[in-house]
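> Encoded as C-alpha cells, here's the structure I'll be asking about.
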Amino acid sequence: MDTITNIMSRRSVRYYLDKEISDEDLKTILHAGMAGPSCTNARDWSFIVTRDPEVLNLMADGNGGPAGPLRRAKLGIMILGDLERAFKPAPDYWVIDGAIAGQNMILAANALGIGSVWLGTWPQMERVNKQIANFNLPDTVIPHSIIAFGYPDEEEEKKPHMPEKPKDMPDMPPMDKPMGPPPKMVKGEYEPDRIHMDRW
Ligand SMILES: Cc1cc2nc3c(=O)[nH]c(=O)nc-3n(C[C@H](O)[C@H](O)[C@H](O)COP(=O)(O)O)c2cc1C
C-alpha cells in the first residue's frame, strides 16, 4: 500500500474479528511508533502493550465509556510520555511526540490490514489519574493515549451503534514534573526496553 493510499484509507475501527495479531506485526507497529520525529530526538515515550483481556479491560476502565473498543480489541497499546527524557526547555513537547508515535502506529497497522482506534487519555486528568493509579506509574510517566487494535469486523462496523458517552472531566492543576538526565541519543531504532508487557 502506498503512503497516500494508507493515509487516505485509514478510519477508526471499533469492532474486531476474533483473529490474533502476530508478534511480527506487533513489532512492526511498535517500530513504526518509534520511527517518527520527536523534539530534539528526545524519544520521550514508552508503551504499555497488552493482548491480555484483563489488562485491556483495565485500560478501558481508566478511560471510561468512550474506550469501549478496548474491551473487544485484540491488542492495546498505551502511549506514555517519559518526562525524564523530554526536552528540558519545553518539556510539553512530550505531548506532540506521543501523538506522532500514535499516528505512526495507526498507519502501520492500516498498511498491515489491522484496524485501530485512538482513545484519548491526556489531557482529561480524571482518565490520566486513573491510569496512573491502575498501572502504578512512576511520577515522571504520564499516560498520553491508548490505541485499540484488531482486524476489522466489517459487518459489525456497518451496523449503527449507540455512541459511548464521554463523562464530564473535572479541571485539574497543571502538571509540574521534575526533569531528569538528557535523553539517550538513538535514531529510528527499535528499543525493546521501552515496551512493558501488560504492566509498567
Ligand atoms: C485525541 C483523540 C481522542 C479520541 N478518543 C476517542 C475515544 O475515546 N473513543 C473513540 O471511540 N474514538 C476516539 N477517537 C477517534 C475519533 O472519534 C475519530 O478519529 C474521529 O471521529 C474521526 O473518525 P476517523 O478516525 O474514522 O477518521 C479519538 C481520536 C483522537 C484523535
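Coordinate-derived values only; no laboratory data. All values reported here derive from a predicted model rather than from experimental measurement. A quick note on method: Cβ atoms are made from the backbone with ideal geometry, for glycine too, and the neighbour counts reach across all protein chains shown.
> Scan the chain and hand back the longest stretch that contains none of the GluC sites (Glu not before Pro) lying in DSSP loops with at most 16 other Cβ atoms within 10 Å.
21-163
> Please compute the volume of the convex hull spanned by the alpha-carbon atoms of segment 1-67 and report it per residue in Å³.
156 Å³
> Let me ask something additional. Summing -39500 (n - 2.57) over the DSSP H runs of n ≥ 4 in the chain and dividing by its residue number, what mean residue ellipticity at 222 nm do you reach, to the nearest 500 deg cm²/dmol?
The helix-only estimate for the chain comes to -10000 deg cm²/dmol at 222 nm.
> So what's the angle, to the nearest 10 degrees on a 0 to 90 scale, between helix 125-134 and the longest Cα principal axis of the chain?
Long axis of 125-134 versus the principal axis of the chain: about 90 degrees.
> Which distance in nm do the two modelled labels at Glu24 and Trp200 give, with both placed 7 Å along the Cα-to-Cβ direction?
Going by the 7 Å Cα→Cβ label model, 3.5 nm.
> Tell me, what is a quarter of the convex hull surface for the C-alpha atoms of segment 3-153, in nm² with one decimal? Mind showing how you got there, number by number?
Details: hull surface 33.9 nm².
Approximately 8.5 nm², given one-decimal rounding.
> Evaluate the distance, in nm, between pseudo-label points positioned 7 Å from the Cα of Arg11 and of Ala90 along their respective Cα→Cβ axes.
Computed distance between label sites Arg11 and Ala90 equals 3.6 nm.
> Largest first and in whole Å, give the semi-axes of segment 98-152's equivalent ellipsoid, each being the square root of 5 times a Cα gyration tensor eigenvalue.
25, 11, 9
> Sticking with this structure for a sec: With a 10 Å cut-off between alpha carbons and a GNM built on the chain, which of Pro89, Pro138, Pro37 moves the most?
Answer for the Gaussian network model of the chain: Pro89.
> Let me ask another. Over its Cα atoms, what ratio of radius of gyration to 2.2 N^0.38 Å does segment 69-127 give?
1.28
> What percent do you get for the relative contact order of segment 3-153 when only Cα pairs under 8 Å and 6+ apart count? It would help to have the intermediate numbers written out before the result.
Working: 294 pairs, mean separation 54.3, N = 151.
Over segment 3-153, the number comes to 36 percent.
> Still on this structure, please answer the following. How tilted is helix 53-63 with respect to the longest principal axis of the chain? Cα atoms for both, answer in degrees (0 to 90, nearest 10).
Taking Cα atoms only, the helix is inclined about 60 degrees.
> In degrees, nearest 10, range 0 to 90: what is the angle between the Cα axis of helix 93-111 and the longest Cα principal axis of the chain?
30 degrees
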